[in-house]
Structures are given as structure tokens and as C-alpha cells.
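Structure record follows, encoded as C-alpha cells.
The values are calculated or read from the model by the stated rules, or taken from the named source; none is laboratory data. All figures in this text were calculated on a predicted structure; none of them were measured in a lab. Here the Cβ positions follow ideal geometry from the backbone for every residue, glycine too, while neighbour counts run over all protein chains shown. Side chains are part of the model used for accessible areas, which takes the heavy atoms of the whole protein and leaves out ligands, DNA and RNA. Shrake-Rupley method; radii C 1.70, N 1.55, O 1.52, S 1.80 Å.
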Amino acid sequence: MTKIVIPFKDIPTLFVKVVGKNGKQRELRAVIDPAAQYVIIPKVDALHLGYEPGFRETLVGLSEEFGMMLAYTIAGPIEVLDIMINEIRVADLVVKDVLALPHDIPMETGVDVILGHTFLSKLKAVVIDYEKKQLILEDYTQQQTESKEKSEDRV
Amino acid sequence: MDLKELREKYPNLWVAARVLKRDENGQPIDFEMLCVGPHRLAVREKTLNEQDVCFLCAKDVIQEGWLLIL
């Protein structure tokens, strides 16, 4: 089990390393958002790391269309193609196979990445302690991960 | 542009930096600036061939009290 304690001042932000298909990695500023369904990374970084959104073939009548999905944001709907990120690392904590959307969030936020449900749900606990001004991330032990996967397979 | 100017006049600039020091949780705290620009794309383009680069906004350097060596 790995437990990471990250102090913060105002907003719980952290640096995460996004590992590419091509072995490259980029360290980006991220914010925790439990209300977001997906992880969001900038389009330019997705391409740099070798994640070219795959074209999923969906049959609509007799024609094939690109597998674009409509994602709903506070600013309105956007059309995106999802990608599967090999690894997202926070120090020793490693989360594998994370579904993400390549999308640029406004630069004025000063943040590049949103860590949503597809990342957070793979952790055992995410605690934002506003009293101590600490963000705590805790993952499962190997044994717990295996039993969780087995129970998910059963469902 | 010096560090004071960067922090005070241009807080929304994006910085590409090399990490010099990390805390006990692996989070970067000291940086060496590689380049600076008004857009996240610009700093990435300038450091395309660099390894282990991290990207941050100048305002975070001010808020978090990190060390940024120009």
C-alpha cells in the first residue's frame, strides 16, 4: 500500500507524471475533481506521449462513423475521442490503464490535468483534509487489488 | 525579465522547468526555468526534445512559495 500526503495552500493541486505509450513522460499540474467522470489531459501532451485517439468504428445504419463521444462540461458539450493512458504516477503511487479525454481546459486556471473518476476510483481513498491543508492519496495493496478485480469480474 | 517581474507582472505565463528538488512525497519544490511563454503550447514546443520537463503557471510559483531559478 502506498500513501501519499501532499500539503496544499488554497486548492488541492498536485503534480502528476503521465507516462506515454512511447516511454516518454510529462509532469503536469493537476487538480482533483471527484465530480468529473474522466481524467482530462491537454491535447498536445496526449499526442506527444503517443496517444492518438483511436477511431472506433460504430455502425449506424449501413455507414461507419468515427467513434466521437459527446462529453458534457460546465461550459457545454464537447466532442472528443477517449484514450487509455498506460500510467499516471504520483511519486510512488502508480495507477495503470486510466481512461482519459484529450481536451484543453482554460489556461487561466493554471492547471493542465483534471483527475476525475477514472483515476480516483482506482484508489482506496482520496482525502482532502482542509483543516490540516493536506491531500491524501492511498492505493490498494496488491492483494486487495486482485480481490477487487475478481469481485468486479463476477459482476 | 527577472523572477520578481515574472511573479508580479506576468502571473499567467506558462513555464517549462526542470525539477531540481522534490519533497518527501515526490512533489517538485525547486525548479530551473527552461523557457517561459504566454501559451501552454509555446513552452511545450520550445522544450520538445527535453527530457523530464514539467509545466506550471507562474502564479503557482508565487502562491506555493516554490524556488524558481531563471
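Considering only residues that are open to solvent by 60 Å² or more (accessible area, probe 1.4 Å) and either at the interface with another protein chain (Cβ under 7 Å from one of its Cβ atoms) or within 24 Å of A:Leu49 (Cβ to Cβ) (or both), which ones fall in segment B:46-70? B:Lys46, B:Leu48, B:Asn49, B:Glu50, B:Gln51, B:Asp52, B:Gln63, listed by residue number. Across segment B:1-17, the qualifying residues are those that are open to solvent by 30 Å² or more (accessible area, probe 1.4 Å) and within 14 Å of chain A (Cβ to nearest Cβ), and the one among them that is modelled with the lowest pLDDT is B:Arg7. Just for segment B:34-45: of the residues that are buried (at least 18 other Cβ atoms within 10 Å of the Cβ) and in contact with a strand residue (DSSP E or B) (Cβ under 6 Å, 6 or more places away or on another chain), which one is nearest to the other protein chains (Cβ to nearest Cβ)? So, considering only residues that are buried (at least 18 other Cβ atoms within 10 Å of the Cβ) and in contact with a strand residue (DSSP E or B) (Cβ under 6 Å, 6 or more places away or on another chain), the one nearest to the other protein chains (Cβ to nearest Cβ) is B:Arg40. Mind telling me which of the residues A:Ala35, A:Ala46 ends up being loosely packed, with under 15 Cβ neighbours inside 10 Å, modelled with pLDDT of 70 or more, not polar (S, T, N, Q) and not in a strand (DSSP E or B)? Result: A:Ala35 is the single residue among A:Ala35, A:Ala46 that is loosely packed, with under 15 Cβ neighbours inside 10 Å, modelled with pLDDT of 70 or more, not polar (S, T, N, Q) and not in a strand (DSSP E or B).
Filter segment A:21-32 for residues that are part of a loop (DSSP other than H, G, I, E, B) and within 12 Å of chain B (Cβ to nearest Cβ); which is least open to solvent (accessible area, probe 1.4 Å)? Filtering first and then ranking leaves A:Gly23. Scan segment B:18-33 and tell me whether some residue there is closer than 21 Å to A:Lys43 by Cα, among the hydrophobic types (A, V, I, L, M, F, W, C) and buried (at least 16 other Cβ atoms within 10 Å of the Cβ). No; the residues of segment B:18-33 include none that is closer than 21 Å to A:Lys43 by Cα, among the hydrophobic types (A, V, I, L, M, F, W, C) and buried (at least 16 other Cβ atoms within 10 Å of the Cβ).
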